[in-house]
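Student: Quick one: this structure, given as structure tokens, is what I'll be asking you about.
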Amino acid sequence: MTSPADSTVTCREARHGSAEYRLAVALRDEVLRQPLGLAFSPEELAGESDSIHLAAWQAGRLVACVVLKPVSARQVRMRQLAVASDQQGKGIGRTLVRHSESVAAERGFE
């Protein structure tokens, strides 16, 4: 079994509609929606086209994702941070949050 020290976590954008985005939606569904008996509608997913979708990868596997939803020209709202159940508690979510803060700042958000 690998620990975070053994395998690097790589964070990158998952463009809306891409294969990586679809994997992130599946992870969000599994971790956040299914436990509540909820499902994404096509309209909800289409409405995410203006958002920034970020994903964390480890050893070729999607292990976490988060959505940054613009709420104004200078602000984004962090939404739906999901970490794979077997990877929770390992600092991966923290790594992705830090990355998302950097991405937001690079794009001019405060």
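The values are calculated or read from the model by the stated rules, or taken from the named source; none is laboratory data. Since the model is a prediction, treat every value here as computed from it, not as a measurement. Methodologically, a virtual Cβ is constructed for each residue, glycine included, from the backbone with ideal geometry; neighbour enumeration extends over all protein chains shown. What goes into the accessible areas is simple: the full protein's heavy atoms, side chains included, and nothing from ligands, DNA or RNA. Shrake-Rupley method; radii C 1.70, N 1.55, O 1.52, S 1.80 Å.
Student: Before we move on, is Val31 free of Cβ contacts under 8 Å to residues at least 40 places away in the same chain and hydrophobic (A, V, I, L, M, F, W, C)?
Tutor: In short, no.
Student: Residues Val83, Val97, Val71: which one is touching a residue at least 40 places away in the same chain (Cβ under 8 Å) and in contact with a strand residue (DSSP E or B) (Cβ under 8 Å, 6 or more places away or on another chain)? Before you say what the answer is, go through the steps one by one.
Tutor: Working: Val97 fails: touching a residue at least 40 places away in the same chain (Cβ under 8 Å); Val71 fails: touching a residue at least 40 places away in the same chain (Cβ under 8 Å).
Checking each option against the conditions leaves just Val83.
Student: List every residue pair whose Cβ atoms lie under 6 Å apart, where the two residues are 6 or more positions apart in sequence or sit on different chains, the first residue falls within the range 8-19 and is in contact (Cβ under 8 Å) with a residue 60 or more places away in the chain, and the second residue, located anywhere, is of a type in the set (Val, Ile, Thr) and open to solvent by less than 50 Å² (accessible area, probe 1.4 Å).
Tutor: Val9/Ile92
Student: Still on this model: So, Leu36, is that one modelled with pLDDT of 95 or more, at negative phi, in contact with a helix residue (DSSP H, G or I) (Cβ under 8 Å, 6 or more places away or on another chain) and open to solvent by 20 Å² or more (accessible area, probe 1.4 Å) or not? Steps first, please.
Tutor: Numbers: modelled with pLDDT of 95 or more: yes; at negative phi: yes; in contact with a helix residue (DSSP H, G or I) (Cβ under 8 Å, 6 or more places away or on another chain): no; open to solvent by 20 Å² or more (accessible area, probe 1.4 Å): yes.
Answer is no for this residue.
Student: A further question on this structure: Looking only at residues in the range 54-78 that are assigned to a strand (DSSP E or B) and open to solvent by 80 Å² or more (accessible area, probe 1.4 Å), which one is farthest from Glu13 (Cα to Cα)?
Tutor: Arg77
Student: Based on this model, can you work out whether Val103 counts as under 12 Å from Cys11 (Cβ atoms), without any contact (Cβ under 8 Å) to a residue 60 or more places away in the chain and either part of a helix (DSSP H, G or I) or hydroxyl-bearing (Ser, Thr, Tyr) (or both)?
Tutor: no
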